[in-house]
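Below is one structure; the comments refer to it alone.
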Amino acid sequence: MSYPAAPDRYDSPTSVPFRRCGRSGLDLPAISLGLWHNFGDDMPLDTQRAILRRAFDRGVTHFDLANNYGPPYGSAERNFGTLFAQDFRPYRDELVLSTKAGYDMWPGPYGQGGGSRKYLLASLDQSLDRMGVEYVDIFYSHRYDPTTPLEETMGALDTAVRSGRALYAGISSYSAERTREATAILKELGTPLLIHQPSYSMLNRWIEEDLLDVLGDIGVGCIAFSPLAQGMLTSKYLDGVPAGSRAAQGKSLSPDLLTEKSLAHVRALDAMAKDRGQTLAQMALAWALRDPRVTSVLIGASSVAQLDDSLGALENPTFDDAELARIDEHAVDAGINLWAASAER
C-alpha cells in the first residue's frame, strides 16, 4: 500500500469525534473536509494528497465534493479520483463521500443546472466516473430550482438511492418551507432525507430563524458550509486583502464586503478568540458546532498546517453564557450569503 493510514486515527487524543446525523444511523465527523477550493487543477496534486492523508489520519472520514468544483469544472472530482485510486481505495468502507448537482456544469440546455431528472442523474453518473467509485454515500440537490417541480427533483434523488448510485439523499440551500416539502415527498417515496447542507457562520446566521427548528423536528442532519464566512472569520483579512487570498482572486469573497464596519466586528471576535486561547477560525468553528442539531461543519484547507489549525477547534469546543452573549454583539450579518436566493424561494 502506498499509504498506510495512521493506526490510531480514531482513538488518538487529536482524533475528530463523531456526531449522529439527525435520526439516521449515520455518524459524521464533527469537522468534515470540503473540496470546493484547493482541489482543482490550480493546486499541486501532492499538496492535495498531503491534506487528504492528514485529514484521514486524524479521523476525518467525510470528503465533500460537487460536480463543478475546480477549476475547471469537474477537476476536483477527477483529482480526488486519482488520489482515491492511489491511496484511499482500501479504506472505501471507512469513508463518507458526497457530491452534488444543481449549478451549471456542461454546455447546452441539459447541463445548465437546476433540478431536472435528466440533469441530476446524468451529473451523478459523470461524478461517479470522475471519482472512480461505484457509489457515493450522499448525493445532494445543490439548490432549490423553482422552475422544476419539486416532485421531479426529489424523484431523481430517490432513483439515485434505489439504483445504488448513492446511499443517502441530501439537499443544500433549501428554505425551511421547501425542506419540509422535500422531506414529505421523499418520505412518501420511501427514501428519507438524510441531511441538509446550508451556509452558516457567525456572519451568516440565517438558519437560526427557522431552518434549524425544522431540521430538529423532522430529524434531518445539518452540515454547515462556509463556517468561516469564505475566509472572513480568519486572521487573514484583519489588516487588508493579502495577495493570493480568496478576496484577491475573486473566489466567493468580494473585497467590497470587507468594509471597515464588518472588519471591526471581525477584529472584536478575534480578540475574544485570543482570550479563549484559540485562533479566530478555531472559535468560529467551535461556535458553529455549539448547537447539537448541527452534525458537522465543512472546512476547506490549502495546506496541512491550515487543516490542523481548523481541527484544533475541537480542543476547546464549549462556551459559557457570558461568552455567547459577547459573541452575539459582533456575530452579525455581513452580506456574504451568496446562496440566499435559493433559500428564499
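The values are calculated or read from the model by the stated rules, or taken from the named source; none is laboratory data. Every value quoted in this text rests on a predicted model; they were computed, and no experiment measured them. A quick note on method: Cβ atoms are made from the backbone with ideal geometry, for glycine too, and the neighbour counts reach across all protein chains shown. For accessibility, only protein heavy atoms count, side chains too; no ligands or nucleic acids. Shrake-Rupley method; radii C 1.70, N 1.55, O 1.52, S 1.80 Å.
Brief remarks follow.
- Any hit, the range 151-165, residues being touching a residue at least 40 places away in the same chain (Cβ under 8 Å), of a type in the set (Val, Ile, Thr) and over 18 Å from Ile223 (Cβ atoms): yes
- Qualifying residue in the range 191-210 (condition: surrounded by fewer than 20 Cβ atoms within 10 Å (Cβ to Cβ) and either of a type in the set (A, V, I, L, M) or within 27 Å of Ala85 (Cα to Cα) (or both)): no
- Looking only at residues of the range 44-56 that are assigned to a helix (DSSP H, G or I) and without any contact (Cβ under 8 Å) to a residue 60 or more places away in the chain, we find that the one that is nearest to Val16 (Cα to Cα) is Phe56.
- Candidates are the residues of the range 31-43 that are touching a helix residue (DSSP H, G or I) at 6+ places or on another chain (Cβ under 6 Å) and in a loop (DSSP other than H, G, I, E, B); the one that is most open to solvent (accessible area, probe 1.4 Å) is Asp41.
- Check on Phe63, assigned to a loop (DSSP other than H, G, I, E, B) and crowded, with 19+ Cβ neighbours inside 10 Å: no
- Residue in the range 177-189 that is of a type outside the set (A, V, I, L, M, F, W, C), in contact (Cβ under 8 Å) with a residue 60 or more places away in the chain, surrounded by fewer than 24 Cβ atoms within 10 Å (Cβ to Cβ) and touching a Phe, Trp or Tyr at 6+ places or on another chain (Cβ under 6 Å) present: yes
- Unique match (being among the hydrophobic types (A, V, I, L, M, F, W, C), in contact with a Pro (Cβ under 9 Å, 6 or more places away or on another chain), open to solvent by less than 40 Å² (accessible area, probe 1.4 Å) and modelled with pLDDT of 95 or more) among Val161, Val133, Val96: Val96
- The helices (runs of 4 or more DSSP H) found wholly in the range 257-345 and carrying at least 3 residues that are more than 21 Å from Arg58 (Cβ to Cβ) occupy 260-275, 321-328, 340-343.
- If the condition is being assigned to a helix (DSSP H, G or I), farther than 13 Å from Leu338 by Cα and not charged (D, E, K, R), then the range 193-213 contributes Ile207, Leu211, Leu212.
- Candidates in the range 164-176 are the residues that are within 20 Å of the chain's Cα centre (by Cα) and over 20 Å from Ala343 (Cβ atoms); of these, the one that is surrounded by the most Cβ atoms within 10 Å (Cβ to Cβ) is Ala166.
- Residue, farthest from Asp239 (Cα to Cα), within the range 259-280, restricted to residues that are small (Gly, Ala, Ser) and open to solvent by 10 Å² or more (accessible area, probe 1.4 Å): Gly277
- Scanning the range 221-257 for residues that are open to solvent by 10 Å² or more (accessible area, probe 1.4 Å), under 23 Å from Ala340 (Cα atoms) and at pLDDT 75 or above yields Phe225, Ser226, Leu228, Gly231, Thr234.
- Within this structure, Leu83 fails the test of being touching a residue at least 12 places away in the same chain (Cβ under 8 Å), open to solvent by less than 10 Å² (accessible area, probe 1.4 Å) and assigned to a strand (DSSP E or B).
- The condition (being free of Cβ contacts under 8 Å to residues at least 24 places away in the same chain, farther than 30 Å from Ala50 by Cα and surrounded by 14 or more Cβ atoms within 10 Å (Cβ to Cβ)) is satisfied by just one residue among Tyr119, Tyr144: Tyr119.
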